[in-house]
1. Normalised by the empirical 2.2 N^0.38 Å for globular proteins, what value does the Cα Rg of region 40-112 take?
2. Which net charge results when you count Lys and Arg as +1 and Asp and Glu as -1 among the other residues whose beta-carbon is under 10 Å from that of Val62?
3. Starting from the amide H of Ser92, placed 1.01 Å from N in the peptide plane, find each other amide H under 5 Å away whose residue is 5 or more places distant or on another chain.
4. Each residue of region 54-70 in order: what ³J(HN,Hα) in whole Hz does its phi give by Karplus 6.51 cos²θ - 1.76 cosθ + 1.60, θ = phi - 60°, with x for Gly and Pro?
5. Can you list residues whose amide H is under 5 Å from Phe79's amide H, if they're 5+ apart or on another chain and H is modeled 1.01 Å from N?
6. Could you derive backbone 3J(HN,Hα) for region 76-89 from the dihedral phi with the Karplus parameters 6.51, -1.76 and 1.60 (θ = phi - 60°), listing whole Hz in sequence and x where the residue is Gly or Pro?
7. Name the long-range amide H neighbours of Tyr105: under 5 Å, sequence gap of 5 or more, or other chain; modelled H, no Pro or chain starts.
8. What is the sum of charges around Asp95, taking Lys and Arg as +1, Asp and Glu as -1, for the other residues whose C-beta is under 15 Å from the C-beta of Asp95?
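Readers should treat all values here as calculations from the given coordinates under stated rules, not as data from a laboratory. This one's a predicted model, so the numbers in the text were calculated from it and none came from an experiment. Note that each Cβ is placed from the backbone with ideal geometry, even for glycine, and that neighbours are counted across all protein chains shown.
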Amino acid sequence: MERSAAPRRLQSGIHGAGKLGTAIVEAKGNLPTRAEAAATRAPGHIPIEFPVEKDGKASLAVTMKPAPLVRTCLGGQPFAAGKQTYLWDGLSDTDEPLPPGKYTYRLLTHQG
């Protein structure tokens, strides 16, 4: 991997410096863009397609019938208008595999 600048180390956390560990920030990362990530489906991931009527932000949660929340997927993420896809890993908010069953999603969109 080629680095354009030396990484910076940040010591920070909600309870004071160093409480959550060390983050390394590099000038250029290697994470895929949203378009690249959406174009590929990881094995076992479940696509959740949802419409976004206007450019804005979306929050997405997966629930199990009758209604308990099992996974918060997105929280106020910016999206362009159109059909969007989120790849859910089938895990709960505590990263536990969920049993087979009927799941639904709840979507909240707003401008911003």
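1. My calculation over the Cα atoms of region 40-112 gives 1.12.
2. +1
3. So Ser92 has HN proximity to Leu98.
4. Values per residue, Gly and Pro as x: 9, 3, x, 10, 9, 10, 9, 9, 9, 10, 10, 5, x, 5, x, 6, 10 Hz.
5. Amide H to amide H, under 5 Å and 5 or more residues apart or across chains, Phe79 pairs with Gly56, Lys57, Ala58.
6. Residue by residue, region 76-89 yields x, 7, x, 9, 7, 4, x, 6, 10, 9, 10, 9, 8, 7 Hz.
7. Residues meeting the criterion, in which the H sits 1.01 Å from N, are Thr63.
8. Result for the local shell: -2.
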